[in-house]
Amino acid sequence: MAESWSFLDTVEPNFRPLVVIELAKGTKEETIEWFTKRIVDKKANGGAQLLVKPLGTENGEENIYLVGASHLRLLLGAETVGLVKECNDNSMRTFTYSSRKTFKDFADDNHNFLTIAECQYIIKHELENLRAKDEKMIPGYPQAKLYPGKSIVRRLLTNGILVQIFPLHDREELKKLRHSWYGRVKVGYQPLDEIRCYFGETIALYFGFLEYFTFALIPMAVIGIPYYVFAWEDYDKYVMFATFNLLWSTVILEVWKRICAIMTYRWGTLLMKRQFEEPRPGFHGVLGINPITGKEEPVYSSIKRQIRIYLVSLPFVCLCLYFSLYVMMIYFDLEQWALDYHEENESTFSNLMLFVPSIIYAVVIEIMNRIYRYAAEFLTSWENHRLESSYQNHLILKVLVFNFLNCFASLFYIAFVLFDMKLLRQSLATLLITSQIINQFAESVFPYWLQKRHKKRMKKRMYAMKTDTDLSLVEQVNLEKEMGTYFGTFDDYLELFLQFGYVSLFSCVYPLAAVFAVLNNITEIYSDALKMCRVYKRPFAEPTANIGVWQLAFETMSVISVVTNCILIGMSPQVNALFPDSKMDLMLTVALVEHLLLAIKFIMAFVIPDKPRDIQIKLAKLEFESLEALKQQQMKLAAESLKE
């Protein structure tokens with residue numbers, strides 16, 4: 001590998017822009033010269049050995065640069081980041097430049113061997129790994145301190161010198177993807193492999209999970225339609241539906257693990273080794289020595305962080321939860337007012353008024369969720385977590401706890417305190433449908449409208465200019481840099497998590513919950529696809545092997561659904577008739593059944609393997625071959641030492 005870098009040339013006759021770097025307006029010339037020199041410098045000199053080209057020097061474009069790389073540089077970068085590709089013998093192996101001929105579809109003139117997403121991921125990796133050598137500061141900015149090993153890009157970002165780095169869309173590839181993905185209404189699977197090639201594994205896995213979850217909801221919807229049509233208002237028959245619900249919520253999550261393993265093995269990310277995590281850009285502290293790497297980096301006391309978490313963040317979260325419960329009680333006062341008004345007037349208008357409190361409460365819930373999200377992000381950032389994974393885990397925990405209580409507390413109160421199944425059905429339907437409408441509008445329709453307006457204004461401005469630069473490229477970069485930033489799949493998974501809660505916790509009293517979820521998810525697939533291709537800047541690919549902490553979140557929700565459905569079954573008139581004299585016997589029986597079902601659930605999770613048998617064998621074979629290769633290398637070194 002080291003020998004390969006020496007003959008790598010930084011000149012590429014056909015420059016292909018892959019990534020855009022936008023510097024702050026008025027950035028000093030010496031800073032730009034130093035930064036671009038580090039990007040194009042050879043690896044031996046501490047550079048990234050990439051290609052850089054200014055977008056233009058006229059009309060205010062002097063602060064925008066295009067970054068690309070030669071085909072050879074990308075291949076060497078693929079080895080550096082540990083990409084896994086398919087070999088000629090159909091096995092999946094970590095790519096190495098020296099053994100490149102053994103990989104499927106490889107040819108020296110085949111520039112499509114690496115996907116677009118992989119090429120941009122490699123460039124991002126190389127830019128983020130540009131490290132300070134003996135510089136003490138960013139040239140031209142004495143306040144922007146550097147130390148050996150510090151990421152230059154992260155320092156430029158935190159000091160506002162670097163505005164953003166984003167991957168550029170490929171217009172032809174995007175046009176093909178849009179046509180096959182959402183260009184025409186069709187009944188069929190999404191082009192997940194094409195989505196993965198263009199956007200990377202994290203985005204493709206989300207759409208794969210969305211598609212799978214939609215198909216998994218169909219049995220619940222099919223059973224729920226006749227269940228609702230026959231109008232079993234006495235709720236005597238929901239025992240069967242609740243029982244099916246318990247098995248369904250467990251099986252779909254276990255089957256998803258297997259489907260996820262199949263996809264990520266085919267994409268190579270199941271085999272990728274996790275890289276050592278660098279400190280996140282927002283992390284700050286006094287300069288110290290990392291005990292693991294031995295390098296200089298900011299160090300922050302874990303005791304100070306724990307104090308911030310338990311003495312500030314935790315009380316704030318508890319206060320927000322209390323406020324959420326207070327709003328819930330106001331909602332019940334409104335419900336009582338609407339009911340009293342209906343009993344006094346008995347009109348069509350009064351009948352419609354019964355739904356008004358639930359609709360208002362559903363809107364308030366969505367507003368509170370969004371406001372709390374900003375507060376949770378601020379608090380989690382203020383806690384100063386060193387790693388991005390730690391930051392994400394604390395943020396997800398805060399948001400999930402609040403969203404769960406905010407969305408479901410009223411339903412639990414109606415079901416298990418008021419024992420009002422009719423109101424539970426009405427509230428569940430209103431909350432589910434209203435939240436779906438608000439999310440569709442806020443996440444796709446409104447941003448798309450704003451983007452269309454901005455695009456029209458930008459086109460007028462660009463065509464009014466006189467420039468020798470390729471107008472289509474200048475126009476494209478200027479349009480994309482003003483697009484909104486896609487901050488990841490957090491909000492998308494959160495929406496599915498809450499939907500899963502509505503369906504699994506109480507859907508036995510409102511069987512159409514699964515039907516509305518299926519209809520919403522079908523439109524969600526198209527609206528999210530439109531959002532990715534037309535509304536937001538293209539995100540960098542992030543290799544991943546699963547849906548991460550969300551798998552645990554969904555599994556936790558399924559455990560809670562076992563408890564709630566068992567209690568609902570115990571409250572049914574059918575079951576109550578079996579215990580006319582002793583409520584204690586009823587409670588003990590329900591508790592026993594609940595424990596048995598939980599035991600069955602965990603046994604099923606244990607019995608159903610997370611990976612199919614053939615993939616387990618392939619992984620074991622690769623591990624055996626790696627150990628054998630290591631053993632042969634050790635024996636070779638031992639033989640050479642004996643000769644000496």
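The values are calculated or read from the model by the stated rules, or taken from the named source; none is laboratory data. What you see is a predicted model, and the numbers here were worked out from it, not measured in a lab. Glycine gets a Cβ as well: all are built from the backbone with ideal geometry, and neighbour counts include every protein chain shown. Side chains are part of the model used for accessible areas, which takes the heavy atoms of the whole protein and leaves out ligands, DNA and RNA. Shrake-Rupley method; radii C 1.70, N 1.55, O 1.52, S 1.80 Å.
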TODO: Sort Glu623, Glu297, Glu377 from largest to smallest accessible area, using a 1.4 Å probe on the heavy atoms of the protein chains.
DONE: Glu623, Glu377, Glu297
Open item on the list: Among the listed pairs Lys43/Lys481; Lys28/Lys398; Lys150/Lys257, which have their C-alpha atoms separated by more than 31 angstrom in this model?
Closed with: Lys28/Lys398; Lys150/Lys257
Open item on the list: Let me check against my output: what whole-number percent is the relative contact order of the chain, with C-alpha pairs under 8 Å and at least 6 apart?
Closed with: 18
Task: Solvent-accessible ranking of Asp610, Asp109, Asp170, largest area first, probe 1.4 Å - done: Asp109, Asp610, Asp170
Task: Residues of region 19-168: accessible area per residue with a 1.4 Å probe, Å² - done: 41
Task: Largest-first principal axis extents, alpha carbons of the chain, Å - done: 89, 70, 55
Open item on the list: For the pairs Lys104/Lys124; Lys104/Lys636; Lys273/Lys618; Lys133/Lys273, flag any whose C-alpha to C-alpha distance is greater than 18 Å.
Closed with: Lys104/Lys124; Lys104/Lys636; Lys133/Lys273
TODO: Could you do me a favour and compute the accessible area per residue for region 484-611, 1.4 Å probe, result in Å²?
DONE: 40
Open item on the list: To test your reading of the geometry: what angle, between 0 and 90 degrees and rounded to tens, separates the Cα axis of helix 29-40 from the longest principal axis of the chain?
Closed with: 90
Task: Where labels lie 7 Å past Cα in the beta-carbon direction, separation of Ala107 and His342 in nm - done: 7.1
Open item on the list: Counting only other residues whose beta carbon sits under 14 Å from that of Glu366, what net charge do I get with K and R as +1, D and E as -1?
Closed with: -1
Task: Extension gain from Thr243 to Gln632, taking 0.36 nm per residue of separation minus the Cα-Cα distance - done: 134.4 nm
Open item on the list: Tell me the net charge near Glu443. Cut-off is 10 Å between Cβ atoms, Glu443 excluded, with +1 for each Lys or Arg and -1 for each Asp or Glu.
Closed with: -4
Open item on the list: Keeping all protein chains in the complex and leaving out DNA, RNA and ligands, what accessible area do you get for Thr36 with a 1.4 Å probe, in Å² to the nearest 10?
Closed with: 30
Open item on the list: Below 11 angstrom from the Cβ of Ser99, what's the summed charge of the other residues (Lys, Arg +1; Asp, Glu -1)?
Closed with: +3
Task: Protein accessible area in the chain, 1.4 Å probe - carbon and sulfur % - done: 63
Task: Relative contact order computed over region 285-361 (Cα-Cα under 8 Å; 6+ residues apart), in percent - done: 18
